[in-house]
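The values are calculated or read from the model by the stated rules, or taken from the named source; none is laboratory data. All figures in this text were calculated on a predicted structure; none of them were measured in a lab. Cβ sites come from the backbone with ideal geometry, for glycine too, and all protein chains shown count toward neighbours. These area figures cover heavy atoms from the full protein model, side chains too; ligands, DNA and RNA do not enter into them. Shrake-Rupley method; radii C 1.70, N 1.55, O 1.52, S 1.80 Å.
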Amino acid sequence: MEPTTLGKPSFLRNIFGRVLLFGVLIIIVRFAYVVTLTGESCDIGNFCFFSLSDNFNLVIPGAGSGTSPATANKVVRSTMSEVQSRRDPYTTKEWVGAVRFYSSVFQDMISEGYISPRAKSLCAETPNGQDVFALKEIGVEDAIGISKKQSKPLVIKGEGHQMPFDDNTFDFVFVGGGALDRSPKPFDFASEIVRTLKPEGFAVVHAKAKDTYSFNSFLDLFDSCKLVKFHDIDGFDSSMPHIREYVLKKEVDTSVGRGLDEPGGILDNKCSVPGHKQELVRDAEPLIAEEPLKPWITLKRNIANIKYLTSLADISFKRRYVYVDVGARSYGSSIGSWFRKRYPKQNRTFEVYAIEADRAFHDEYKTKKGIKLLPYAAWVRNETLSFEINHDPGKEPDDKSGGRGMGRIQPANSLTGGQVNRIQGFAFAEWLKSTVTEKDFVVMKMDVEGTEFDLIPRLFETGAICLIDEIFLECHYNRWQRCCPGQRSMKYEKTYGQCLDLFNSLRESGVLVHQWW
């Protein structure tokens with residue numbers, strides 16, 4: 001009897017068939033999970049073994065018999081792409097990291113009583129809505145975000161400086177990601193936060209951890225709110241590695257403030273320069289203690305040593321940005337040649353006021369956009385004055401670029417024979433108080449041919465000095481003349497020592513002043 005030889009191959013075929021069936025089962029289960037449960041397509045890098053070809057013929061219900069296979073395939077691919085685009089942001093590493101960060105922040109807020117699960121909440125200027133998602137995730141269901149570009153369902157269209165909500169709508173308002181720092185209208189943004197926040201509601205703002213100057217400017221934006229706490233925390237990405245978290249509570253009596261909301265808000269014509277401005281003075285460049293033998297060179301070179309306020313502090317949280325050129329002369333004298341080209345503005349747009357009494361320069365400003373000309377002389381009161389122009393030695397009188405000397409206010413009994421005009425002087429300190437507030441960032445250049453010894457004391461008397469953040473002052477004294485070696489100018493009576501006293505008195509009072517030329 002011959003032995004059977006078919007048993008072993010049959011056994012191997014059975015094992016191979018079972019392994020093959022098991023593999024097919026795994027593929028089917030995996031495909032069903034990817035496409036059915038997660039809602040993703042086979043072309044996003046998951047475990048799939050086939051994709052739709054361009055000539056794949058698929059019948060879509062309701063599409064009609066006239067729909068071509070290519071059109072059907074485009075519809076399928078478009079649908080899958082939409083699903084993918086909706087889901088991808090919610091699964092990226094960046095999204096998950098942001099949600100975890102905000103969840104941690106909001107959980108701390110809940111534990112400290114600033115948010116409740118029933119709080120009607122707003123996240124302002126949130127492009128992707130991770131903070132809104134985090135609120136909902138921890139149980140604050142009534143939360144919505146606004147951004148210039150909506151991202152439904154978490155974020156609707158709206159901007160921080162013009163929110164699409166009624167007054168007293170929210171119990172909690174959150175501003176993350178340094179949105180208030182970047183806002184071109186921080187004052188309006190802050191006003192909208194306060195307007196839409198309910199009395200005794202809380203606002204939390206994440207800003208970049210900064211200096212004392214910006215801290216006080218930030219608080220000035222929220223007059224009707226009380227600062228509950230602030231502290232520095234670590235951020236979750238490189239754009240903001242360090243965050244200063246402010247917690248503010250809206251007061252029931254929103255009229256409570258510092259009395260400085262409107263121009264001229266300084267009471268009793270008195271003020272004291274705050275400590276955060278005095279800190280800047282301590283960091284300023286030293287004054288030139290010895291009288292320079294060649295002042296036209298020394299003072300001009302000194303501009304390289306100047307430590308601008310905007311290089312020492314952040315000016316983001318200001319309502320307006322204003323440059324006042326007192327004694328502007330021509331546009332190119334300082335506005336065009338220095339301020340607009342060289343002054344570090346931190347990407348802020350400044351309103352420019354040019355104060356110039358000499359009529360020879362007035363027509364030039366008619367063609368300059370963004371500049372408001374005040375064709376008068378800055379003075380201590382409103383009155384008609386004598387305005388004398390002495391031409392520079394060795395230059396032609398008609399040469400406006402250099403031959404035309406600086407105009408100056410002169411008493412009637414001290415005129416020296418130059419060209420004299422009758423001009424209108426105006427109360428400069430009072431004008432300044434009616435034009436700007438402490439919420440504004442104000443830079444001033446003053447070159448008034450000796451009248452600084454009248455104007456600076458008047459700024460102190462009226463309290464207007466506290467409205468100025470930074471002054472570039474040219475002090476006029478009987479300096480050595482460039483044209484005539486060994487001779488001093490007879491135009492001015494003051495000495496360099498008196499000018500130095502003026503600069504020192506300003507700095508000792510906490511005013512950031514620089515020696516100008």
Inset, instruction - Of the conditions (1) in a helix (DSSP H, G or I); (2) modelled with pLDDT under 95; (3) of a type in the set (Gly, Ala, Ser), Gly450 clears all except one; give me its number. - result: (1)
Inset, instruction - Kindly indicate the residue of region 396-439 that is surrounded by fewer than 19 Cβ atoms within 10 Å (Cβ to Cβ), acidic (Asp, Glu) and assigned to a loop (DSSP other than H, G, I, E, B) and also modelled with the highest pLDDT among those meeting that condition. - result: Glu396
Inset, instruction - Would you check if there is a residue in region 489-496 being of a type in the set (D, E, K, R) and closer than 25 Å to Ala427 by Cβ? - result: yes
Inset, instruction - Could you look through region 274-301, keep only residues that are open to solvent by less than 20 Å² (accessible area, probe 1.4 Å) and either at pLDDT below 85 or over 26 Å from Arg342 (Cβ atoms) (or both), and pick out the one that is farthest from the chain's Cα centre (by Cα)? - result: Pro295
Inset, instruction - Those residues that are in contact (Cβ under 8 Å) with a residue 12 or more places away in the chain and open to solvent by 40 Å² or more (accessible area, probe 1.4 Å), I need them from region 152-164; list them, please. - result: Ile156, Glu159, His161, Gln162, Pro164
Legend entry - Test: Val511 is open to solvent by 10 Å² or more (accessible area, probe 1.4 Å) and in contact (Cβ under 8 Å) with a residue 40 or more places away in the chain: no
Legend entry - Count of residues meeting criterion [surrounded by fewer than 15 Cβ atoms within 10 Å (Cβ to Cβ) and under 19 Å from Glu200 (Cα atoms)] in region 229-250: 1
Inset, instruction - Report yes if some residue within region 177-198 is assigned to a strand (DSSP E or B), at pLDDT 95 or above, open to solvent by 10 Å² or more (accessible area, probe 1.4 Å) and of a type outside the set (D, E, K, R); otherwise report no. - result: no
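Restricting attention to region 302-325, does a residue exist that is surrounded by fewer than 13 Cβ atoms within 10 Å (Cβ to Cβ) and closer than 30 Å to Ala207 by Cα?
Of all residues in region 302-325, those surrounded by fewer than 13 Cβ atoms within 10 Å (Cβ to Cβ) come to 304-305, 311.
Keeping just the survivors that are closer than 30 Å to Ala207 by Cα gives 311.
Among the residues of region 302-325, at least one is surrounded by fewer than 13 Cβ atoms within 10 Å (Cβ to Cβ) and closer than 30 Å to Ala207 by Cα, which makes the answer yes.
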Legend entry - Answer from Arg100, Arg87 - the residue that is assigned to a helix (DSSP H, G or I), within 17 Å of Phe236 (Cα to Cα) and modelled with pLDDT of 50 or more: Arg100
Inset, instruction - Filter region 105-135 for residues that are among the polar types (S, T, N, Q), free of Cβ contacts under 8 Å to residues at least 40 places away in the same chain and over 17 Å from Val205 (Cβ atoms) and give the result. - result: Gln107, Ser111, Asn128
Inset, instruction - For region 468-492, name all the residues that are modelled with pLDDT of 90 or more and assigned to a loop (DSSP other than H, G, I, E, B). - result: Ile468, Asp469, Glu474, Cys475, His476, Tyr477
